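Since the structure comes first, as structure tokens, the remarks are kept for the end.
Derivation of every value follows stated rules applied to the coordinates shown; laboratory data play no part. Here the structure is a predicted model, which is why all the values come from computation and not from measurement. For neighbour counting, all protein chains shown are included, and Cβ atoms are generated from backbone atoms with ideal geometry for every residue, glycine included.
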Amino acid sequence: MGGLMDGDANHGKAALPGHRARRWAVQRQKLIPYVFIAPNIVLFTTFSFLPLIYAFYISFHDWSLIGDPEWLGIHNYTRLVRDPLFWQSLRNTLVYALSTVPTSMAIGLLLAMALNRRLPGRTFIRSVYFLPLVVSAVATGTIAAWMFNENYGVINAALVQLGLGRISWLSNPAWALPSLAVATLWVRVGFNMVVYLAALQSIPAVYYEAAKIDGASGLSQFRHVTFPLLAPATFLLLILNVIHSFQVFDLVYVMTGGGPGFSTTMVVQYIFKSAFVTSEMGYASAMGVALYLIILVFTAIQWRASRQSESAL
């Protein structure tokens, strides 16, 4: 009897290290995903989260990058509310977003539907439309500035050949913002096309076969099958395009510099001027916080609307 008890005790002692090893293996498996995302978390915290917190802190101060920040309370925010130039830059940004976001998404969807069919050279055509996205925005802005140049631009040269007059695209306040919108479409359409194309190829063909059996026309298939199933991609593109429109800087900086006058100065452009031209880092930070809150509120509204539409389906 004593031998059996001794054997059970020895077996328990032998099994204990094995149990610990299995538990450690399970814990290690759980830690592996966090190891892989750790570099991204470190980079995000270092270059996004901490600067955001510091910008919020500086927005309550007067600081010109020299000396110590001086506490002002909410003065920068009250100044922002009363600043007509800030509201003008916000209006320019809204007009720019309204003229580029829906247009680029609609054209991207049409191109995706066209290139989702069997066409000769469709891979090459897809690459051509996507190419402007991988080119530097500075290079894109430089090319667009040459094309829209009043004296030697290819667009005015074509207008002259057609017997029409030259247009001051970038030096006329009435035409400068539309010129920026056209250049933006050149860049953003390819990105929207690729995302929509991937979403179209993920729709099962059985849905279209069932719609054809029910006698649905091509327009009915798009309305009742394609468009509802593209809702997640549409929501993603809407958010990304709006964020891009509110954060546009390099294209504006290269093509117009915010001019003529203040006609193409966007919010980010105005933040840049306040921070690095007039050295008002506190006021620039306040505008940056306001821009962050605007984008956050818009994203939350769109997310809620998307969830409600998915629930209705």
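Remarks
- Answer label for P(r) over Cα pairs in 10 Å bins from 0, in percent (calculated), chosen among (i) 5, 13, 11, 8, 8, 8, 9, 10, 9, 7, 5, 3, 2, 2, 1, 1, 0; (ii) 5, 17, 23, 21, 15, 8, 5, 3, 2, 1, 0, 0; (iii) 6, 26, 34, 23, 10, 2: (ii)
- Using just its DSSP H runs of length 4 or more, each adding -39500 (n - 2.57), the chain gives a mean residue ellipticity at 222 nm of -24500 deg cm²/dmol after division by all residues.
- Highest mean packing first, where packing is the average number of other Cβ atoms within 10 Å per residue, the peptides 190-197, 20-27 line up as 190-197, 20-27.
- Tensor-based shape of segment 84-152 (alpha-carbon gyration tensor, a/c under 1.5 rounded, otherwise prolate or oblate): oblate
- Measuring max minus min along each principal axis, the C-alpha atoms of segment 127-233 give extents of 58, 32, 23 Å (largest first).
- Degrees, to the nearest 10: 281-312 long Cα axis against longest axis of the chain: 70
- log10 of Debye I(q)/I(0), alpha-carbon scatterers only, for segment 111-184 at 0.13, 0.18 Å⁻¹: -0.55, -0.83
- Protection proxy ranking, highest mean first, for peptides 116-124, 257-265, 163-171: 257-265, 163-171, 116-124, where packing is the per-residue count of other beta-carbon atoms within 10 Å, averaged.
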